[in-house]
1. Find out how many positive minus negative residues lie around Ser28, taking Lys and Arg as positive, Asp and Glu as negative, among other residues whose Cβ is under 13 Å from that of Ser28.
2. What are the extents of the Cα atoms of segment 169-312 along their three principal axes, listed from largest to smallest and rounded to whole Å?
3. Would you work out the charge dipole size for segment 2-158 about its Cα centre, treating the Cβ of every Lys and Arg as +1 and the Cβ of every Asp and Glu as -1, and quote it to the nearest 20 debye?
4. Can you tell me the 0 to 90 degree angle between the C-alpha axis of helix 215-232 and the longest principal axis of the chain, rounded to 10?
5. Hey, if you drop one equal point scatterer on each alpha-carbon of the chain and run the Debye formula without solvent, what base-10 log of I(q)/I(0) do you get at q = 0.08, 0.10, 0.13, 0.14 Å⁻¹?
6. About the Cα centre of the chain, what is the dipole size in debye to 20, counting +1 per Lys and Arg Cβ and -1 per Asp and Glu Cβ, all else neutral?
7. At a 10 angstrom cut-off on C-beta neighbours, averaged per residue, how do the peptides 99-112, 16-29, 238-251, 82-95 rank from highest to lowest?
8. Specify which residue in the list Asn52, Val95, Ile23 is farthest towards the positive end of the charge dipole of segment 2-158, using unit charges on the beta carbon of Lys, Arg (+1) and Asp, Glu (-1), about the Cα centre.
Amino acid sequence: MEANNKILLESGTNELEIVEFRIDERDSKGNVIPCFFGVNVAKVREIIRLPNLRKVVNANSAISGMIKLRDQVITLIDLSQALNKDTDGIAADRVIVLEFNRIIVGILVHSVSRIYRISWENVEPPVRAIHDANITGVVKMEDRIILILDFEKIIGELSSAEALHTPTQELMLAHSPVNRGEKTILVADDSNFIRQTICSSLREAGYKVLEAENGEEAWDKVNALMNQSREEGSGIQGRLNLIITDIEMPRMDGLHLTSLVRKESMLDQIPVVIFSSLASDDNKMKWKDLGASDILTKPDLPNLVEKADNLVL
């Protein structure tokens, strides 16, 4: 699993592996309804049976307590509570240990099925009928639907320590060049929660910002800007100055987007910043080899405006 994951994270193949798990719930008649969810293997550290649990006083109802994993104590989140599921009498005894955004956390689930390797092209954005901000992607299998969850949002809302923090007004004013308004930044992220946080920070700092919900939409926008520049015989720098992209996105991931940008001569001077919860030291080296100008983790958001200034001004 680890070897395959390393290949996916460095090659820009637009593929991912997901761990499928279940959080079952009861309907109005008390029947058990299986619900299938998925998480990127790149976030999964290990899968274990529920060990001894120590409760935490005055914790959020979605926080089951603390568990000891070898020499480390980690927080355990009851995902059924975080998703507001009615699970009366349904036992959960599997723990998926996640590592991302420089944190390690366990999520309590009812069962873990298997690992699937799929193309991001087969991960669809959630339809408007799915009114759940915790869902970032939908995978349609032959006999069921797997929902990809936004764990950055779920965990960020449960603990202020892991939540995204925006730059302070003082910081933005201290680095406030007069020509930020002449620069345009394209932000691609499938999480509305994270994308809006990033875009709000950049707009408050004075930048023009374009938004895309996935890599495919971002690439379409980039192509439209290139076509306008070609028609007018001008450089693209008047229309686009920086791309900030997440990695995990439906239709096209950020690594494939980065590789496409780097293959286009007109975009040679456009920096690409990967902004991802998967940014380990090892992955950072691979992504820079792929063409990324810089990499930030999501707890680094207070440095985002300053990073943008350094790249485009």
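FYI, it's all coordinate maths here, none of it is from the lab. Everything quoted here is computed from the prediction, not taken from an experiment. Neighbour counts run over all protein chains shown; Cβ positions are idealised from the backbone, glycine included.
1. Here the count lands on -2.
2. 41, 37, 26
3. Using Cβ point charges on Lys, Arg, Asp and Glu, segment 2-158 gives about 480 debye.
4. 10 degrees
5. Here log10 of I(q) over I(0) equals -0.38, -0.59, -0.96, -1.09.
6. The calculated dipole for the chain is roughly 500 debye.
7. Going by the mean number of other Cβ atoms within 10 Å, highest first, we get 238-251, 99-112, 16-29, 82-95.
8. Asn52
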